[in-house]
1. Could you go through region 75-83 and let me know if any residue there is in the same structural domain as Y30 (by TED's automatic domain parsing), under 24 Å from T7 (Cβ atoms) and not small (G, A, S).
2. Return yes or no: is G17 within 18 Å of R106 (Cα to Cα) and either in a helix (DSSP H, G or I) or outside the structural domain of A161 (by TED's automatic domain parsing) (or both)?
3. Here are S77, S54: which of them is farther than 26 Å from Q167 by Cβ and in contact with a Pro (Cβ under 9 Å, 6 or more places away or on another chain)?
4. Which residues, taken from region 46-73, are out of contact with any Phe, Trp or Tyr (no Cβ under 8 Å at 6 or more places or on another chain), among the aliphatic types (A, V, I, L, M), part of a loop (DSSP other than H, G, I, E, B) and under 16 Å from T101 (Cα atoms)?
5. Quick check, is R115 free of Cβ contacts under 8 Å to residues at least 24 places away in the same chain, closer than 27 Å to P144 by Cα and in contact with a helix residue (DSSP H, G or I) (Cβ under 8 Å, 6 or more places away or on another chain)?
6. Being more than 19 Å from the chain's Cα centre (by Cα) and either of a type in the set (S, T, Y) or at pLDDT below 95 (or both), is that true of even one residue in region 188-196?
7. Among the residues of region 28-45, count how many are within 16 Å of T101 (Cα to Cα) and either surrounded by fewer than 16 Cβ atoms within 10 Å (Cβ to Cβ) or in the same structural domain as L114 (by TED's automatic domain parsing) (or both).
8. Among the residues of region 20-38 satisfying the criterion of being touching a Ser or Thr at 6+ places or on another chain (Cβ under 9 Å) and aliphatic (A, V, I, L, M), which is nearest to G76 (Cα to Cα)?
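The values are calculated or read from the model by the stated rules, or taken from the named source; none is laboratory data. Since the structure is predicted, the reported quantities are computational estimates derived from the model, not experimental observations. Cβ placement follows ideal geometry from the backbone for every residue including glycine, while neighbour counts extend to all protein chains displayed.
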Amino acid sequence: MADSLFTLSLLETRILGTLVEKQRTVPDTYPLSVNALLAGCNQKTSRNPVIETSEAEILVALDSLKDLGLVREVSGSRVSRFEHQFEKALGVPTQASALLTVLMLRGPQTAGELRLNCERLHRFADISSVDAFLEELAGRADGPLVVEQPRLPGSRENRWAHLLSGQPAVEASSGRPVAAGSQELEELRARVTALEAEVAELRTLVLGHPDA
């Protein structure tokens, strides 16, 4: 049961998600070195929130993940490399791990968004197959790994969130977040900062001046 056996930090989920993602999208470079993990965790695309971490922080988080049996170091190379044991440790199939990975990397999403964003990790035939795996993850006898969140105002679909970092923040009907803890507040602030940076970049590209 993920939320009772351990509660991962944002960086730990980012590392775990990055390992699964890169295994499936760039298998020739997998297992990953610390430098490759650092680049994958700090990348600006396909990440929500965008973070800026350091090699030292990566190494500390890797030690924690190794202790939990979620990551292991691979020997036989001059450079230390790491691989995940995600499916084995949690007892989930590759389809479910694809969904969890995208949730860890991009935050809460609808089933439709998950199907689209999982395309490079696993191609789901239709949204109903995504729903089926989400329901399975939510109804696990040893504890749910995902939770369906209340529908946001103006939205047609409910969003799903992973539970590997504990209960996520839930947004009330007013659209204002109701934080479940300090970590969720930090993540929300990081998302706002990332969005503001994206807007500034777009203004620069379109208008040629960040404050135009």
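1. There is at least one residue in region 75-83 that is in the same structural domain as Y30 (by TED's automatic domain parsing), under 24 Å from T7 (Cβ atoms) and not small (G, A, S).
2. Details: within 18 Å of R106 (Cα to Cα): yes; either in a helix (DSSP H, G or I) or outside the structural domain of A161 (by TED's automatic domain parsing) (or both): yes.
Here the answer is yes, as G17 does meet what is asked.
3. Numbers: S54 fails: in contact with a Pro (Cβ under 9 Å, 6 or more places away or on another chain).
Result: S77 is the single residue among S77, S54 that is farther than 26 Å from Q167 by Cβ and in contact with a Pro (Cβ under 9 Å, 6 or more places away or on another chain).
4. V50, the sole residue that qualifies.
5. Judged against the criteria, R115 is a match.
6. yes
7. So the count comes out to 2.
8. Restricting to residues being touching a Ser or Thr at 6+ places or on another chain (Cβ under 9 Å) and aliphatic (A, V, I, L, M), the top hit is L32.
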